[in-house]
Every structure is written in C-alpha cells, then in structure tokens.
Amino acid sequence: MDYAGVIILEILYMIAFLLLTSAGLAIIFGMMRVINLAHGQFVMIGGYTTIASVKAGINIYFAMLVLAPLVVGFIGLIVERTIIRFLYGRIIDTMLATWGLSLLLVGMVTFIFGNTAVSVPAPISGYQLGEFQMGGYNLFIILVTVAIGVVMWAVLRYTRAGLIARGAMQGPDVVATLGYNPNKVYMITFVAGAALSGLAGGILAPLTGLLPSSGGAYIAKAFITVITGGTAVITGTLLSASFFGTINQIVSFAANPVMGDIAMLVLALIFLRMMPKGITGRFFRDST
Amino acid sequence: MMNWPSVDRINWGWFLLAVGIFALLPLVFDTHTATLLIIWALFALSLGIMWGFAGLLSFGHAAYFGLGAYTYAVAVINIGESTLPFLLSLLVPAIVAAIIGGMAFYGRISDVYLGVITLVVTLILFKFMSATAGDIYKIGSARLGGFNGMPGFHTLNVPGYPDISLWGWPTYYISASSLLLSYLVCRWILARTFGRVLIGIRENEERCELLGYNVAAYKTGIFSVSAAMAGLAGCLFANWAEIVTPSVFSLGQAVEVLIWVIVGGLGTLIGPILGAMALGYVKLLLGEQTVIDNSLILGALLIAVVLGLPNGVVPAIRRIWNAARLKLRRRVSEGSTRRTLNASSQVNR
C-alpha cells in the first residue's frame, strides 16, 4: 500500500517535472513556432541564478521565485532583440542559431562558475511514508507546478493580454490591423517564455544540483513533451506530460531510470509518426 | 533565384591538386592529427550532401557516425578479420537510416520534425550505450562496456591477412582515399538523374511530386547514402582512436558537424570538407589553451554565420569571385568591341 503511494507520488512528480521544464518552451515553441534549442540552457541559468543568490545570503524562495525568472527573462529579452527577431519564419535557421546560443551560454557559465557541480540543500525536509523516506520538496514542486499551470491557463484564456498573444500567433496581420504591434507581442511572449524557463530552473535547482552542461538533460524531454502536445499549448502539454511521465516512471520502477528515459523517447518517435500535429492536433482541438 | 554552382562537372585539375595536397599533408601535420582532420572532413561531407543538396537537415548525424564506429568494433571483435566489419560499418548505418528516414518521409514529416526525430534517435543511442556497462550487454563476444566504451579491438588489416594490421600512416592514406572516393561518389550522384531530382526537391518539393517523382523514396535514398558515408567516417574514427565510447553519439559531436557544414558552405561539396578541416584544426588548437571555453567560441561562430552568412563561407567567396570575374570579362569584351569597331571603321574609310 505504501509502495503504491510511493509510485503514485513519483509519477506525479515526474509529470510536474515535465510540465515545469516544458512550460517555457510551450510558450516559445507552441505559440510562436520558434524552436528554441537553448531552452535547456535557460533552465540551467535559472538554476545557477538561484544557487548563486542563495550562496550570497538571499532567501531561497525569493531567489527561485523572483530572481531566477527576472534574470532569465532579461537574457531572453537580449536574445530576442539581437538574434531571434531576425529569424522569425526561418525555422531551421532559428534552430541553428539557438543551438549556437546554447553552446555560447554553456561556455559563458563555464567561464563564470567553472566546470564543477554546484548545489544547495532543499529547503523542505523529507517525511516518512510508511517505511519509505520521501522528499518533501517534491510535493512543493508538484504544488508550484499546478499553480503555474492554472495561472498560465487563466492568463491565456481570460485576459486581454492572453487574447492578444494568442491572436498575434494565429494572425499577425489581423492583430496589426487592430492596432497592436506584433513585433512587440512576439518580444513580450518570448520574454515570458524565457522567464518561465528560468523559474523552472530555479525551482528544480535544489533538487538536482547543476553543471554547466545540465541544460542538455532538459531539452529533449521538454521538446518531445511540447511537440507531442500539439497546437493547444496548455491542454496538449498537460496531456503529453501526464502520458510520458507515467510511462517514464512505470518503466523506471520496472527496470531502471535510463530505460524509463529511453522508453519515453522511443514512444515519442512513434507518436510523432502517428500524429505529426500532436495530440491536440487530432483531439481536443478547441482547447487552449 | 539563387545561382547554384554547376554540379555535373569535376574540375580534374583541382581534384589532382587535392590528391597531391592529401598525399603531402603528413609532412606538415603529424599523421595522427592529419588523419583525424580527414575523418572529420568525411563526416562533414556526408552531412553536406544531404543537407546542402537535398535540403534535409539531420540534427543527429552523429548517430550514424557512432553506429559505424560501434558496428566496426563489435564486428571485428567477433570476426577477427577486418574486411567484413569494414563493410558492415557502412551497411548498418545505411539500413538504420533507411528505416528511420522511411518512417519519417513516407509519413510526410516536415523538416522541423525530421530535425527533432534525428536528434531524439541520437539521444536514445547515447543514453543506451552509456548504460550498457556489465556482462549482460554483449553482442557475441564483444562487451559494449557502458560509459567506458570498447577498447582493444583489431584495427584494419590487409584484406585476407588478419595478421598484417594497418596503423599509423596507412590509416592516414586509407582515410584520405576514402574521402577522395566519397567526394567522387557525391559528384557522380549529383551528375545523375538521382542528384538532379534531389536538387529539384530542395528547390520545390511539391513540383517534383507533381512531375511524378516519388519524393519519399529519393529522400530515403540520399539519407541512407549519407548515413553510409557517416558510418565509414565512424569506422575510420574507431581505427584512429582504437577505442569506441558513447561520446561518438554525444550532442557535442552532433552539433560540431553541423557547424562545420554550415560555416564551410551549404550547397557545395568542398565547403563542408574545408569547414571541417579548418574548424577542426582550430578546435585542436583551442583545446590546448584553457582561458576561453571552446563551446563559447563555437556557439558565437554558429550564431554569427546563421545571421550573417546563411549559406556559409565557400558560396560567399564563390559569389564574390564570380562577380569579379564577370566584371573583368565585361571590361575585356568592351575593350575588344571598341577595337573591332575601330578596325571596321578603318576598313570603311
């Protein structure tokens, strides 16, 4: 019974992990069709910001929930203004440029922090579930992810800003005719996506520990989650994260975590072949 | 409309010059370095023909490079004599690419998703090979060895004579002739209908399809050929390094070859070769210093090329060269016209 509880909690945590790491990408890729291969590095920098701030004596919650998104959002702003905005509509070039960007960011972080692992202890201690020791911080991550998801959904669905953003992605000409500057909308959306990635990195930092190369670990999972999700950003990402998270953890328990990752990637290939437009390209088309 | 260089003529003068340069290269560099540069050039060429001429971008071409290396190592440990393993290291990547490419192209997967699929395949291989430590992971008598890789296999030998193994400068000349042969094969492909249809697909896929060409078959075909070439590079790499580790599948390997090709030049064959050798050499030099991180420079370079020279260095140089030659020719022909006119007016007088 306790063991079942452990498995369920681990599955929930995996789903939350996938949602959290792909939320920023869901905004940037899912809505703007910009393939940001530097996404993992955005997450990684969010983590580094948190750890560096904590080491400088700043409260950890302030560091992860406020500073990390601010710093990465600012980096996103610079990146959008200097690189991405010249490449809208040139998908392959965007992929190449952002891949270059990811290398550049890894190089910079290595230059500043050195090529050694850094970490901070999790601020919430573990608890006992029957005979199993569980991480309390995992519960915090699940809760924060739920909160982020609800806020994203509410903003996109019910606010004027969300409406304009969704409109600009579907028809920039129409939005421009109505008096909004699509360039500005793109810029703000990109920055929002980057900030979300930073937030994810900040929240995950105490759990994982960081290397400059850590970003690479997020990118593949985040991508397949968003792409499999399809056109409806939030519903799709939620569905695919739930699906992949469950598969990943079940295989991990049955075999080992590496096999869990591999099972997830192989399934993603099959999914892409069967539904090139993602889950929400075929089902739940009217959702957000 | 871009002015693509003609593809069906080989300038044999330049080719012989290249043969001469490759023959003498070990005098300039040490053989070990020169061999590695040649292998990288071959790897870049394999991606260059697929990306530059058929317009198909494989983000994870390292998968086929690595498969070639692993296939050779596994086969040579089991077989002992190196001729069959050498051939297998071309065949296995080609078959895997045909399966993956066929799956993608017949399913009408777009460019972007092709990039993602190829990348995911590389990641799967990297993860799997890194996790194969222990005795249960072995193929025949070859242990895959997990993260530490597979050391201690026989290098290439003279076909039929397992005892006479080749190492050192023979490996260099095998690699160099593989590169030159592959170049000729690429030229041959491009001069035939197959290559012309590929270029047609790059320019306008829909039109090719409406003209009755089986686009998916052509794409799968070139993907397979390209993978075989990458596998050949991988096999030579295994011989050069004398060990195969999962790092052949790493993201770093995958991105480096992309950078070589795009910096060297898309839509040319010489571009990827020069790009790989020049940037590869720079990388080796940078590896010796520790002030600036290597990836920082590579990343900045990739961004700069995508923003500034989206077709790479060689096409840019060629464009300038052609423009200058055209100008020169115009000036010369103007001069001769004037002279003719003068001559004719003199006759009239």
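Key figures for this structure:
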item	result
Structure-based [θ]222 nm, chain B - -39500 (n - 2.57) summed over DSSP H runs of at least 4, per residue, nearest 500	-25000 deg cm²/dmol
Residues whose placed amide H lies under 5 Å from that of A:Leu129, excluding near-sequence neighbours	A:Met134
Accessible area in square angstrom per residue, the protein assembly as shown, 1.4 angstrom probe	45 Å²
In order through region A:150-165: 3J(HN,Hα) via Karplus (6.51 cos²θ - 1.76 cosθ + 1.60), integer Hz, x for Gly, Pro	4, 5, 4, 4, 5, 5, 5, 8, 10, 9, 4, 4, x, 4, 4, 4
Three-way shape call for region A:49-167 based on the alpha-carbon gyration tensor, with the a/c threshold at 1.5	oblate
For region B:19-29, 3J(HN,Hα) per residue [Karplus equation, 6.51 cos²θ - 1.76 cosθ + 1.60, θ = phi - 60°, Hz, x = Gly/Pro]	4, x, 4, 5, 5, 9, 3, x, 6, 8, 9
5 Å binning of all Cα-Cα separations within region B:254-295, expressed as whole percents from 0 upward	6, 26, 26, 20, 13, 7, 2, 0
B:Leu285/B:Glu242 FRET efficiency (R0 22 Å; Cβ-Cβ; nearest 0.05)	0.40
Å³ per residue enclosed by the Cα convex hull of chain A	136 Å³
For B:Ser165, distant residues with modelled amide H under 5 Å away	none
B:Lys283, A:Lys221, A:Lys55, ranked by accessible area, largest first (probe 1.4 Å)	A:Lys55, B:Lys283, A:Lys221
Solvent-accessible area, 1.4 Å probe, carbon plus sulfur percent, for region B:12-311	69 percent
Part-to-part distance (alpha-carbon centres) for region B:58-124 and region A:192-210, which is given in Å	34 Å
Relative contact order computed over region A:40-132 (Cα-Cα under 8 Å; 6+ residues apart), in percent	30 percent
Within a Gaussian network of chain B (alpha carbon springs, distance under 10 Å), most fluctuating of B:Ala191, B:Ala278, B:Ala300	B:Ala300
Exposure rank, largest accessible area first [B:Arg192, A:Arg273; 1.4 Å]	B:Arg192, A:Arg273
Peptide-level mean, for B:101-114, of C-beta atoms on other protein chains within 10 Å	3
Rg in Å to one decimal, and Dmax rounded to a whole Å, for the protein assembly as shown via C-alpha atoms	26.9, 117
Exposure ranking of B:Ile320, A:Ile164 by accessible area [1.4 Å probe, largest first]	B:Ile320, A:Ile164
Chain A: relative contact order in percent, alpha carbon pairs under 8 Å with at least 6 residues between	34 percent
With all protein chains modelled, accessible area of A:Met31 [1.4 Å, Å²]	20 Å²
Rounded accessible area of A:Met187 (nearest 10 Å², 1.4 Å probe)	40 Å²
Overall dimensions of region B:12-311 as given by Cα atoms, namely Rg and Dmax in Å	18.8, 57
Given A:Lys277/B:Lys219; A:Lys277/B:Lys127; B:Lys138/B:Lys283; A:Lys221/B:Lys219; A:Lys277/B:Lys138; A:Lys184/B:Lys219, the pairs whose alpha carbons are separated by over 30 Å	B:Lys138/B:Lys283; A:Lys277/B:Lys138; A:Lys184/B:Lys219
Fraction of alpha-carbon pairs over 24 Å apart in region B:183-307 - percent	42 percent
Area hidden from solvent between B and A (accessible, protein heavy atoms only, 1.4 Å, total, Å²)	3400 Å²
GNM result for chain B, Cα springs below 10 Å: residue of B:Ile262, B:Ile189, B:Ile79 fluctuating most strongly	B:Ile79
Chain B, relative contact order [Cα under 8 Å, separation at least 6], %	30 percent
Nearest-20 debye value, the protein assembly as shown charge dipole, Cβ charges on Lys, Arg, Asp, Glu	2640 debye
Under-5 Å amide H pairs with B:Val244, H placed in peptide plane, nonlocal only	B:Met150
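The values are calculated or read from the model by the stated rules, or taken from the named source; none is laboratory data. All figures in this text were calculated on a predicted structure; none of them were measured in a lab. Cβ atoms come from the backbone with ideal geometry, glycine included; neighbour counts cover every protein chain shown. Please note that ligands, DNA and RNA were not included when accessible areas were found on the heavy atoms of the full protein model with its side chains. Shrake-Rupley method; radii C 1.70, N 1.55, O 1.52, S 1.80 Å.
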